[in-house]
Structures are given as structure tokens and as C-alpha cells.
Amino acid sequence: MQRSLEAGKLTKGIFDPTIGPLVQLWRKAKSEETLPSSDEIQKILTLVDYKKVILNPDLKTAFLPTAGMSLDLGGITKGYAVEQAINSLNQAGISSAMVVAGGNISTINTKPDGTPWRVGIKDPQKPDCIIGYLEPINQVVDTSGNYERFFTLEEKRYGQVLNPRTGRPAERFASCTIMTDSPTMADALSTALLILGTEGLTLVNDLPNTQAILIDSDGLQFMSPGLKDLLKK
């Protein structure tokens, strides 16, 4: 929870762990096959504000001051789990490993034979194909996308990643892949950039050892300058 609030501050609220009520609203929309009204969305958005969460590290408690607020840590949990797994492997003296949890993939050094690990980046329009691959060494590659988990209503597709500014699913970009040092932060950043789009590349450029590639719904690719040399075709 502490890491999720750090991600909220870093992304200026684009990654927001208090998005729980909004997630529930859209799950209901999916199950009932009806879109939430603008009034419903605006009412729910009053409950979304990571700055209101009060953590007490000594007591290990969290307090949500407004009735109806709830947390959803789905955008960061896999990354945190991978980070803990990597830490455990390092402590055990493991010198070569890859840890995979869905779209979050982290490595320790190279393969035992000295060759680099390879992590492919899926083509959102052809998920059985890749647009290229990265070779992370003691880094993580994390991908968030709207091309696998979505629902269709009134002939329009609605993805799983919700924008806490608008209260609606992110639309323009189909996937975002982040390569960086922290599995937890990679998880949060890939979600945030799927919402921010190319605006988020400025954020990535200011972070150490961090690269990103965005693919929009038309298949166009946008990437941070450093990734162009790292992405293998």
C-alpha cells in the first residue's frame, strides 16, 4: 500500500489505489451490459483520491476517511510479488533466474550459459506475434494492455484500465511496456502510461534506467529514446 501511494505521487494521481469504487462500477456495467451514466461516474469520482489515505507504519494500519472509499491494488500487486520473489532468490544466492507473473517479468543476471534472457513484446493486433524483444539483465519488463481483458457493449470495446481523471476506460493505447529496475514500479508505470499515452514518455525520461514503448489501437509505436537501441526486431 505504501508503494502504491508512492506511485500515485509519482504519476500525479494517474495511478490511484483508491480506484476501487470505480472498478466496481464498471464491473457492474459489464455484468448488466449497460454503461454507467455520467452522473454515476462523477459521484464515484468523489471517492477516488489517493491523497486521502492515511497510513500508520507503526501500527500497520490504513484509514480511508470517506464512507464508500475502497482500495484496488490490482495494478501493482503482481509487480510487488515479483519483487519479493527476486529478493528471496538473491538472498538464497541464486545467480541466474527469471520470474514471471503475467505481464511482469524480472531477471537475475543472464541465463546460466551467459546469454541474455529474452522477453518478447506482443503485437496487440496479433497477440500470437511479437513486435520485437528486450534483453533485461537484473531488470524487469512489464506490459499492461487493453487487448486481452475487455468487454464489448454497443459495438464498442471497453478495456480494463480505468482513467481516474475521467472515470472511464483508457481508449487510445492498446499496450504499454516498461523496462526498469523495480518490478513494483514497472507495474504501476505501465498502467499509468496506458492512460497518459505519449505524455507519459516525459515522465519516463526523467526516471533513471527506465524505458517505455506505447502501441496505439492502430498499431503505431511510440517509445522513449533509449529503448530504440534496446528493442531487438
**Request:** Relative to the longest principal axis of the C-alpha atoms of the chain, give the angle of the C-alpha long axis of helix 20-32, reported between 0 and 90° and rounded to the nearest 10°.
**Result:** 80
**Fill in**
Residue-normalised value, i.e. accessible area per residue, for the chain at 1.4 Å probe, in Å², stands at 53
**Prompt:** Expressed in whole Å with the largest first, what are the equivalent ellipsoid semi-axes of the range 82-209 derived from the C-alpha gyration tensor as the square root of 5 times each eigenvalue?
**Reply:** 29, 16, 13
**Portion, in percent, of the accessible area of the chain that falls on carbon or sulfur, probe 1.4 Å** = 50
**Message:** Charges at C-beta only: +1 for Lys and Arg, -1 for Asp and Glu. How large is the resulting dipole of the range 1-124 about its Cα centre, in Debye rounded to 20?
**Reply:** 180
**Prompt:** Near GLY167, within a Cβ-to-Cβ distance under 10 Å, what is the net charge of the other residues, with Lys and Arg +1 and Asp and Glu -1?
**Reply:** +2
**Asked** What are the ³J(HN,Hα) values, in whole Hz, obtained from phi via the Karplus relation 6.51 cos²θ - 1.76 cosθ + 1.60 with θ = phi - 60°, for each residue of the range 36-52 in sequence order, with x given for Gly and Pro?
**Response** x, 6, 4, 5, 4, 5, 5, 5, 5, 4, 5, 9, 9, 6, 4, 5, 7
**Complete:** Any residue on another chain or 5+ positions along whose placed amide H is under 5 Å from the amide H of GLN139 is listed here as THR107
**Residue-wise HN-Hα coupling along the range 211-219, computed from phi with Karplus coefficients 6.51, -1.76, 1.60 (Hz; x: Gly, Pro)** = 9, 8, 9, 10, 10, 8, 5, 9, x
**Fill in**
Filtering trypsin sites (Lys or Arg not before Pro) in the range 18-86 by DSSP loop and by at most 13 other Cβ atoms within 10 Å leaves LYS60
**Item:** Restraint check, LYS9/LYS60; LYS156/LYS233; LYS78/LYS122; LYS78/LYS126, Cα-Cα greater than 28 Å
**Value:** LYS156/LYS233
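For ASP123, ASP58, ASP181, what's the largest-to-smallest order of accessible area, 1.4 Å probe?
ASP58, ASP181, ASP123
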**Request:** Give the relative contact order (percent, whole number) for the chain; include only Cα pairs under 8 Å separated by 6+ residues.
**Result:** 18
**Request:** Tell me which residues come under 5 Å, amide H to amide H, from MET223 once H is placed; ignore anything under 5 positions away on its chain.
**Result:** LEU214
**Complete:** Phi angles of the range 81-87, converted by Karplus (6.51 cos²θ - 1.76 cosθ + 1.60, θ = phi - 60°) into ³J(HN,Hα) in whole Hz with x for Gly and Pro, give 4, 5, 4, 5, 5, 4, 4
**Message:** Please give the charge dipole size of the range 177-233, origin at the Cα centre, charges +1 on K and R Cβ atoms and -1 on D and E Cβ atoms. Round to the nearest 20 debye.
**Reply:** 240
**Prompt:** Stretch ASN209-PHE63 to full length: gain in nm at 0.36 nm per residue minus the Cα-Cα span?
**Reply:** 49.2 nm
**Prompt:** Please identify the GluC sites (Glu not before Pro) of the range 84-190 that satisfy two criteria: DSSP loop assignment and at most 10 other Cβ atoms within 10 Å. Which are they?
**Reply:** GLU154, GLU155
**Asked** In debye, nearest 20: dipole of the chain around its Cα centre with unit charges on the Cβ of K, R (+) and D, E (-)?
**Response** 120
**Message:** For the chain, take N as its residue count and report Rg(C-alpha) divided by 2.2 N^0.38 Å.
**Reply:** 1.04
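What trypsin sites (Lys or Arg not before Pro) does the range 125-224 have in DSSP loop regions with at most 12 other beta carbons within 10 Å?
Hits after loop and neighbour filter: ARG149.
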**Request:** Set the Förster distance to 25 Å, then compute FRET efficiency between ASP128 and ASP218 from the Cβ-Cβ distance, nearest 0.05.
**Result:** 0.85
**Item:** Distant-in-sequence amide H partners of ARG168 (H built 1.01 Å from N, under 5 Å)
**Value:** ASN163
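The values are calculated or read from the model by the stated rules, or taken from the named source; none is laboratory data. In this text the structure is predicted, and so the values were computed from the model without any measurement. Cβ atoms come from the backbone with ideal geometry, glycine included; neighbour counts cover every protein chain shown. Side chains included, ligands, DNA and RNA excluded: accessible areas come from the protein's heavy atoms. Shrake-Rupley method; radii C 1.70, N 1.55, O 1.52, S 1.80 Å.
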